[in-house]
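So the structure is just underneath, and the comments pick up after that.
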Amino acid sequence: MERTFLAIKPDGVQRRLVGEIIRRFETKGFTLIALKFQKVSRELAEQHYAVHRERPFFPSLVEFITSGPVVAMVWEGDGVIASARKIIGATNPLNSEPGTIRGDFGINVGRNLIHGSDAPETAQYEIALWFKDEELVAWQPQLTPWLH
Ligand code: RTP
Ligand code: MG
């Protein structure tokens, strides 16, 4: 079953949007596999955003993601990687559709509330970076797959 890594960024925590954001993935029907609330070290932030190392916004991105606690999560379900990216919305909240998390709650590209893995390889890398194997809780919801 497909898994993705999601993290509510420091602005989402500061703005008291943790419950609202988690609700959207839970009611969609995806399954929570792991969750933790933590401050992010500079080292973890730099590894997480390593692909953007050469970009001009990298220093401010690392500065921001280490500025306060984040909610790190793993979610599971068919097509969860692409679906979560749709639920999250476009990178710049000014371009995100209403109904998406960023479209509903943001206006600033540097304060876009939540991170989601963008591909299967990225999801695998990020899950292993943020979570130990034993922190991942494999379980099956007792529901028909299409009824939540
Ligand atoms: P994320 O990785 O955080 O889920 O965001 P994303 O995939 O939608 O966007 P990505 O291209 O991976 O960029 C990572 C984060 O860098 C900040 N950013 N700033 N032009 C800019 O100033 C700019 N471009 C990107 C954003 O906060 C973005 O989420
Ligand atoms: Mg990204």
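The values are calculated or read from the model by the stated rules, or taken from the named source; none is laboratory data. These figures come from a predicted structure and were not determined experimentally. Reconstructed Cβ throughout: ideal geometry from the backbone, glycine too, with neighbour counts over all protein chains shown. Quick note on the areas: whole protein, heavy atoms, side chains included, nothing else; ligands and nucleic acids left out. Shrake-Rupley method; radii C 1.70, N 1.55, O 1.52, S 1.80 Å.
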Which percent of the accessible area of the chain is formed by carbon and sulfur heavy atoms (probe 1.4 angstrom)? 54 percent
Add +1 for every Lys or Arg and -1 for every Asp or Glu among the other residues with Cβ under 10 Å from the Cβ of Arg111, and state the total. +2
Most mobile listed residue (Phe57, Phe105, Phe30) in the chain, GNM with C-alpha springs under 10 Å: Phe57
Quick check on region 3-146: take the gyration tensor over C-alpha atoms, sort the square-rooted eigenvalues as a ≥ b ≥ c, and tell me if it's rounded (a/c under 1.5), prolate or oblate. oblate
Keeping every protein chain present and rolling a 1.4 Å probe, give me the accessible area per residue for region 3-146 in Å². 56 Å²
Bridge orientation stat for the chain from DSSP, antiparallel percent rounded to 5, came to 95 percent
Shape call, region 42-113: gyration tensor on alpha carbons, a/c limit 1.5: oblate
Give the relative contact order (percent, whole number) for the chain; include only Cα pairs under 8 Å separated by 6+ residues. 34 percent
Ranked output for segments 85-91, 5-11, 132-138, 22-28 by mean other Cβ atoms within 10 Å, highest leading, reads 5-11, 85-91, 22-28, 132-138
Shape of region 1-41, Cα gyration tensor, a/c cut at 1.5: oblate
